[in-house]
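Throughout, read-outs are computed from the coordinates displayed, never taken from laboratory work. Since this is a predicted model, take the numbers as computed values, not measurements. Positions of Cβ are generated from backbone atoms using ideal geometry, with glycine treated the same way; all protein chains shown enter the neighbour counts.
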Amino acid sequence: MKLSAIRPILLLICKELAIAGLLLLGVSFIVFIILFLSPGDPFSLLLKGQMASDAVGAGTREALRVPAAWYAQYLSWLSNILRGNFGTSIRTGLPVLSEVIRVGINTLYLTIGSMLVTLLLAVPIAILSARRGMTVFTWTSTIFTYVVSALPVFWFGYIVIYISMHQFGLFPLAFGSSSQKIGWLYFMPPVLVLGIGNGTISEVVRYLREEMERVFSEDYIRLARAKGASIWKHSFKEGFLIPITEIIASKIPFILGGAVVVEQVFNWPGMGRMAWQAAQDRDYPLIMGITIVAAIIVRLGSLIQSVVYIIVNPRASQK
Amino acid sequence: MKRYSQYSTNISDFSDVPFWKKAGTMDLVYVSYGIFIVILVIVSYILGAFNLLPFDPHEINIKLLMAPPKTAGHILGTDFMGRDILSRLIIGIQAYFLPGLLAIAIALVIGTCFGILAGYWGGGFDTAITYINNLLNSFPRLVLILLMVAAFKPDIYYIMVIVGITNVPVVASLIKGKIQFLKQKYFIEAATALGLKNRIIIFKHILWHNCRSVLIIQATLGMAEAILMETSLSYLGFGVQEPIPSWEIWFCLEPTTLCRASSGRRRHRHLLYCLPSWVFIYLATG
């Protein structure tokens with residue numbers, strides 16, 4: 001490809017990056033405001049216990065160089081965040097960022113695996129029902145996806161634990177014994193439960209089917225059909241790639257939210273379980289770090305989606 | 001959405017057919033379901049307020065722990081603390097549905113306002129509201145709620161306000177798309193040419209005649225989501241807490257007892273608590 005062809009694409013990608021950066025700035029501001037408005041701060045605690053008057057408190061503020069105005073506090077907090085200093089956890093005393101990244105990898109396994117499960121189930125159903133219309137099989141499987149989406153995920157998790165572990169003894173109750181040869185097999189129940197029960201499977205089926213049906217009725221597909229070319233090849237970009245990246249990007253928050261519950265059910269040592277623990281202990285720095293990391297993951301997903309859209313769709317970069 | 005809007009002709013606006021005959025069948029189903037929920041809540045309030053329940057929902061009967069149905073006047077039996085299940089089911093309706101109603105009310109009102117601003121006036125409003133929507137979409141909802149819980153320790157109604165606010169982008173983008181589509185239609189142009197006020201065009205021609213069905217569908221979907229969120233939160237221990245009777249608490253207690261339970265009776269009961277959210281999702285997607 002020539003440079004002149006790539007340049008508008010690069011420009012658009014830069015624009016998307018700028019938008020993502022702006023949104024993350026907004027995210028950090030919202031998180032800061034929530035923390036700023038929450039009752040109590042270290043100084044009031046100190047004042048109540050040890051210091052005699054407000055003047056002493058103000059003196060301590062000055063000595064520790066804590067700015068009084070909220071925007072100054074925000075800026076200093078933001079500069080710390082940008083340098084990767086998320087503070088230390090109140091409960092464990094460990095630095096937040098390294099902790100979040102350590103457990104975040106487990107969550108990444110869980111969410112990516114469950115997304116694959118969702119897609120493996122939903123995509124064939126969507127393609128079949130778009131190509132063949134509503135047969136008995138596609139009808140029952142669509143109904144099945146709706147039933148499954150309405151299940152609360154923890155309830156489904158307990159049913160799976162009950163059936164697979166108590167009744168049949170297929171899996172051990174504890175996870176993470178990766179030293180054994182079939183260690184990956186123990187990851188299957190939580191991944192399956194989150195993939196099936198996170199409530200997005202029916203959405204994926206419906207959206208993908210609608211988009212495919214729309215694309216199949218377009219003129220260029222009719223032309224391809226008339227000249228005997230492969231319909232699948234022609235409809236792949238618009239009918240499959242774009243909708244699937246769109247739906248994945250928009251469902252990442254839901255899957256991350258579902259991960260909180262599933263990790264709780266299966267005692268999975270991940271970000272969601274850590275967030276739950278932090279909320280239980282009112283561990284501000286930790287939950288704040290987790291929120292920001294989760295928002296970064298969500299933004300990355302939609303960034304990838306828009307990049308795919310720009311690269312696939314030549315019209316997007318021509319304006 | 002695209003297909004649905006083509007049905008809405010404005011010819012019927014001038015006919016003498018009463019509105020309940022004009023409405024489509026699905027409209028009636030949705031509306032009657034909403035009214036049914038409201039009536040359920042009101043009935044449970046009345047029964048609770050005038051002592052019309054068969055038993056006091058908080059009364060503990062130690063002699064009858066986990067009694068099977070139809071023992072000593074308890075129609076559905078008693079729970080693990082010997083409290084009458086039927087009375088607690090009736091009172092539990094309030095804590096089960098009210099937070100969800102609050103969440104969708106907030107989502108619909110704010111979302112519609114945003115949608116109108118972005119769709120009808122566009123320009124700067126559109127950019128700003130798209131930014132706000134993307135911002136709200138950046139947070140995984142449960143993580144945001146956990147953040148609020150860590151910061152404020154709010155009760156379930158405040159949490160449902162947050163759920164409502166995080167539902168705003170969905171409603172706003174739907175209404176925005178709908179209005180942008182409708183603005184190209186001739187009847188809106190005609191209304192503008194006739195010199196009608198903006199608020200009449202927006203509230204009568206756009207919202208009432210053309211966005212009603214979208215809003216109702218969104219309301220039922222949002223209700224189902226809010227109820228699922230509520231049950232998840234109760235499971236995590238941040239929702240409605242134990243002494244208050246609520247449906248989702250059983251829902252959360254049941255699976256944990258399931259692994260220990262030996263009697264087959266209890267195993268089937270928790271399927272019952274799934275029903276409301278299932279019914280909502282079926283109606284909304286149906």
Notebook entry, point to check: On average, how many beta carbons from a partner chain sit within 10 Å of the beta carbon of a residue in A:148-160?
Noted result: 6
Margin query: Just to check I understand the Karplus step: with θ = phi - 60° and J = 6.51 cos²θ - 1.76 cosθ + 1.60, what whole-Hz values come out for segment B:35-47, glycine and proline as x?
Written below: 4, 4, 5, 4, 5, 4, 5, 4, 4, 5, 4, 4, 4
Next item on the list: Within a 10 angstrom radius of each residue's Cβ in B:230-238, how many Cβ atoms of other chains show up on average? Whole number is fine.
Entry: 5
Margin query: Can you give me the distance in nm between label points at A:Phe216 and A:Arg131, each placed 7 Å from the Cα along the Cα-to-Cβ direction?
Written below: 0.9
Item checked: Cα-centre dipole for segment A:228-319 with unit charges at Cβ (Lys and Arg positive, Asp and Glu negative), debye to 20 -> 400
Next item on the list: Would you kindly derive the ³J(HN,Hα) couplings of segment A:6-22 from the backbone phi angles with the Karplus curve 6.51 cos²θ - 1.76 cosθ + 1.60 (θ = phi - 60°), listing them in order in whole Hz, with x for Gly and Pro?
Entry: 7, 4, x, 5, 4, 4, 5, 5, 4, 4, 4, 4, 5, 4, 4, x, 4
Notebook entry, point to check: Rg/Rh for segment B:125-180: what does it come to with C-alpha atoms and Rh from Kirkwood?
Noted result: 1.06
Notebook entry, point to check: Could you give the length gained on full extension between B:Ile60 and B:Glu189, defined as 0.36 nm per residue of separation minus the Cα-Cα distance, in nm?
Noted result: 39.8 nm
Notebook entry, point to check: Using 1/(1 + (r/R0)^6) with R0 = 22 angstrom and r between the beta carbons of A:Ile101 and A:Ser38, what's the FRET efficiency to the nearest 0.05?
Noted result: 0.30
Note to self: I'd like the mean, over residues of A:296-303, of how many other protein chain beta carbons sit within 10 Å of each residue's own Cβ.
What the structure shows: 2
Next item on the list: Take B:His209, project a point 7 Å from its Cα along the Cβ direction, then tell me which residues of segment B:113-143 have their backbone nitrogen under 18 Å from it.
Entry: B:120
Checklist line | Relative packing of A:113-119, A:90-96, B:145-151, which averages over residues the other C-beta atoms within 10 Å, highest first | finding: B:145-151, A:113-119, A:90-96
Next item on the list: Tabulate in residue order the Karplus-calculated ³J(HN,Hα) for segment B:178-194, using 6.51 cos²θ - 1.76 cosθ + 1.60 with θ = phi - 60°, rounded to whole Hz; enter x for Gly and Pro.
Entry: 4, 5, 4, 5, 5, 5, 7, 6, 6, 5, 6, 4, 4, 5, 5, 5, 6
Checklist line | Estimated FRET transfer efficiency (B:Ser32, B:Asp155; beta-carbon r; R0 30 Å; 0.05) | finding: 0.45
